[in-house]
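Below is one structure; the comments refer to it alone.
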Amino acid sequence: GLPTKYITPNTCDESEDYHRILHRRYRNWKESGYLRKNQLWQNSVNHKMIGYIFARSYGVPAPDIYACEPGGISNLPEEFPNSWGNFVIKPLDGFNAIGVILVKDNQDIFTGRSIRGRQDVASLYQAKISKKNAAIAAGTVYAERLLEAADWPGSNQLQREAPADFKFFTFGSKIATCLIVLHRKTPRECMLWVDENFNRQDQHGCTWYNPKTGKDIRDFAELQRSHHLWKKCGHIPEPPNWPKLVSTARLLGGALGVHYRVDLFDSKGGVLLGEFTPFPALAKVQCVVVRNSSGVLDPCTLGRMWKHEGLDDSSHAVVQRMKQNRPPEMLLRYFQMLERGLFKNDINRTNFEQSHLCKLAMLSKRDFEEARQAESNAPNQQLAAKNETAQQQKTY
């Protein structure tokens, strides 16, 4: 059931208050002028296709993509090919699993409804997605391979469930916590928060924040009205592939160089990227509450790490350091376009660029490596051509 003590008072100083630091980032990063001024390319891996390409450029695989349609559901196949087998349909701009359909044996795992083509998807979206979230379903949708969860004795995962989701809170290459979601969208759904050694960090409740009011939530009745409450998992043993999950999160977090949530899946095919999230839970909740050396409950671990690692991206010095941490060449153009807000302001350009990103994300491993190498060599080739031209002009 629910934790005995569901709400822990937030006693953190503002400089170490994770909720408020994250909410400040959210406000800043949602302003295109702020992103242009500070050239914060890290914001752009929040775009799922760019996130996939970014991870693959560091050798971390993502699920195989079968279709990616900027035109929305209407551009999906009338009948889904048998070659897809079991697959997932997702809206590109989705969150909280809204619009996610897990298709196994031609049925949606969550509802049991038959899914054989785009009309079935449209009907399910119409029935399940509220008017408030209708825009999510109207945008780019993609279909990817449904992952088969790796064996995890003691986790009680069932074959017809979504695989466990490992959400690592990284500060550069350091890991503060991992939120693990099991049995998603079933009556058994539960969560646990652990450190990199798989020690539980969620035994003393959570701190909650209301971004709309800018105030902490201390009343359980208010919490029930404003937030989705989840069950805490009982004892869960460490998964066999935990060291690989941790090292992968470290690798990707270090490549970004700032605070990010790195979501991973542990499948029978190995560790794969889920997505990158710069605003975990929109700053509403964190459950890392541990006892300090004096035996006092301390809810400030995440905020303190953000502060002590010097990664608060509202700091001018940190912004300058972030600029120097350049993305892979093959993604630089898309990072720059997203930072300028071009995807949102020009629908024709949006569809063209989204389509190109889709194609890049769908490349086979070999073709992807060739494309990455070509992009990496391009600046050197341009420089060589420029030097050759200058030399010819000097000669004549």
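The values are calculated or read from the model by the stated rules, or taken from the named source; none is laboratory data. Just so we're clear, the structure is a prediction, and the values are computed from it rather than from any experiment. As a convention, Cβ positions derive from the backbone with ideal geometry for all residues, glycine included, and neighbour counts pool all protein chains shown. Just so you know, the surface numbers come from the protein's heavy atoms only, side chains and all, with ligands and any DNA or RNA stripped out. Shrake-Rupley method; radii C 1.70, N 1.55, O 1.52, S 1.80 Å.
Mind running the shape call on the range 133-278? Use the C-alpha gyration tensor, a ≥ b ≥ c as the square roots of the eigenvalues: rounded below 1.5 for a/c, prolate if a/b tops b/c, oblate otherwise.
In terms of gyration-tensor shape, rounded.
By the gyration tensor of its Cα atoms, with a ≥ b ≥ c the square roots of the eigenvalues, what is the shape of the range 34-95: rounded for a/c under 1.5, prolate for a/b over b/c, or oblate?
Because a/c hits 1.5 or more and a/b fails to exceed b/c, the range 34-95 counts as oblate.
Go through Gly172, Asn210, Ala134 and say which Cα lies farthest out towards the positive end of the charge dipole of the range 113-237; charges sit on Cβ, +1 for Lys and Arg, -1 for Asp and Glu.
Ala134
Given Cβ point charges of +1 (Lys, Arg) and -1 (Asp, Glu) and nothing else, what value in debye, to the nearest 20, does the dipole of the range 147-208 about its Cα centre take? Walk me through the intermediate numbers first.
On the way: 7 positive and 8 negative charges, 34 e Å.
The calculated dipole for the range 147-208 is roughly 160 debye.
Treat every Asp and Glu Cβ in the range 187-281 as -1 and every Lys and Arg Cβ as +1, leave all other atoms uncharged, and give the resulting dipole magnitude about the Cα centre to the nearest 20 debye.
Dipole size: approximately 140 debye.
What ranking of Ser355, Ser364, Ser44 comes out by heavy-atom accessible area, probe 1.4 Å, highest first? All intermediate terms of the calculation are to be shown ahead of the outcome.
Numbers: Ser355 35, Ser364 60, Ser44 5 Å².
I get Ser364, Ser355, Ser44, largest accessible area first.
Between Ser123 and Ser83, with labels modelled 7 Å along Cα→Cβ, what's the label distance in nm to one decimal, could you check?
2.7
Dipole magnitude of the range 39-95 about its Cα centre, charges +1 at Lys/Arg Cβ and -1 at Asp/Glu Cβ only, in debye to the nearest 20? Let's see the in-between values first.
Numbers: 3 positive and 5 negative charges, 60 e Å.
Rounded to the nearest 20 debye, it is 280 debye.
Beyond a 21 Å Cα-Cα separation, which of these cross-linked pairs lie in this structure: Lys128/Lys232; Lys37/Lys90; Lys128/Lys212; Lys244/Lys268; Lys30/Lys284?
Lys128/Lys232; Lys37/Lys90; Lys128/Lys212
If you consider only alpha-carbon coordinates, what radius of gyration and Dmax does the range 157-206 have, in Å?
Rg then Dmax for the range 157-206, in Å: 12.2, 35.
Write out the GluC sites (Glu not before Pro) in the range 94-179 meeting two conditions: DSSP loop, and at most 14 other Cβ atoms within 10 Å of their Cβ.
In loop regions of the range 94-179 (DSSP not H, G, I, E or B), the sparsely surrounded GluC sites (Glu not before Pro) are Glu148.
Once you have a ≥ b ≥ c as the square roots of the Cα gyration tensor eigenvalues for the range 216-301, tell me rounded if a/c is under 1.5, and otherwise prolate or oblate according to whether a/b is larger than b/c.
Prolate is the answer for the range 216-301, as a/c is 1.5 or above and a/b outweighs b/c.
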